[in-house]
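Asks: Shown below is the structure under consideration.
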Ligand code: HPA
């Protein structure tokens with residue numbers, strides 16, 4: 001595993017000539033437009049990175065963009081790897097390990113998700129305050145002691161200071177925010193009505209198929225995490241989930257998410 005991480009990181013270093021990203025950003029379904037906010041210095045296709053799987057989902061471009069936002073050095077992943085694509089959890093989370101190897105000090109994650117909280121509306125942004133993991137844990141297997149502990153603490157997975165910063169910026173920018181618990185399942189099916197109800201009962205506010213593995217791996221390495229879900233459908237209503245609609249709602253709300261991420265990055269310590 002360490003060899004794979006190092007091989008990918010070495011290759012990326014050869015492409016970015018001394019550029020050291022401070023912030024890693026994972027762009028979820030339909031949110032890849034954020035890449036336009038980055039003054040790019042290097043763009044690397046996943047297919048060229050040793051050990052990287054290929055992204056197979058519509059709406060995910062499959063490239064890493066290195067550059068600056070308001071003078072801060074970032075690396076953004078346009079497209080991520082999902083467990084439902086058939087990858088091992090070690091592959092799903094490899095990019096986070098690699099970004100950590102390149103020196104990121106923060107991880108920003110985003111996704112499209114289904115609202116479970118009945119007060120949520122399509123197009124809302126939900127700040128992830130906590131999660132419930134219904135995917136296999138990505139840390140199962142030998143522990144990489146060099147990177148983090150065998151039994152990592154998962155209190156405060158989502159950094160409170162970053163959430164406070166988001167709240168302040170959203171007020172200044174008049175962006176409506178929701179807050180809640182993200183339930184990460186395997187997909188690729190959307191949930192049944194009974195499953196959405198179950199997710200609500202166990203304390204979930206939004207359901208998705210990603211994010212949790214990457215967050216667990218980042219927290220294993222003690223990297224502070226900030227996460228946002230774009231609510232693209234409301235699970236407890238009668239409407240049916242559809243990938244086209246998820247992408248459209250994602251793009252609309254994505255504009256607000258872009259503003260939030262950019263201002264936050266500008267104001268990071
Ligand atoms: N469930 C799971 N993942 C999703 C959903 C959903 O309702 N909407 C967008 N991604």
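Read-outs throughout are calculated quantities, based only on the coordinates presented, and are distinct from any laboratory measurement. This one's a predicted model, so the numbers in the text were calculated from it and none came from an experiment. For neighbour counting, all protein chains shown are included, and Cβ atoms are generated from backbone atoms with ideal geometry for every residue, glycine included.
Asks: Just one of the numbered conditions (1) out of contact with any strand residue (DSSP E or B) (no Cβ under 9 Å at 6 or more places or on another chain); (2) away from the ligand (no atom under 12 Å from the Cβ); (3) closer than 30 Å to residue 66 by Cα is not true of residue 186; which one?
Replies: (2)
Asks: Read through the list (1) surrounded by fewer than 15 Cβ atoms within 10 Å (Cβ to Cβ); (2) within 30 Å of residue 153 (Cβ to Cβ); (3) near the ligand (Cβ under 9 Å from one of its atoms), then give the number of the only condition that residue 201 fails.
Replies: (3)
Asks: A further question follows. Any residue at all in region 233-242 that's closer than 12 Å to residue 31 by Cβ and near the ligand (Cβ under 10 Å from one of its atoms)? Explain how you work it out, then say what you get.
Replies: So the first thing to find is which residues in region 233-242 are closer than 12 Å to residue 31 by Cβ, and the list is none.
No, every residue in region 233-242 fails to be closer than 12 Å to residue 31 by Cβ and near the ligand (Cβ under 10 Å from one of its atoms).
Asks: For region 10-34, give me each residue that is at positive phi and surrounded by fewer than 15 Cβ atoms within 10 Å (Cβ to Cβ).
Replies: Within region 10-34, 17, 18 qualify.
Asks: Can you tell which of 186, 119 is farther than 23 Å from residue 101 by Cβ, surrounded by fewer than 16 Cβ atoms within 10 Å (Cβ to Cβ) and within 16 Å of the chain's Cα centre (by Cα)?
Replies: Exactly one residue qualifies, and that residue is 186.
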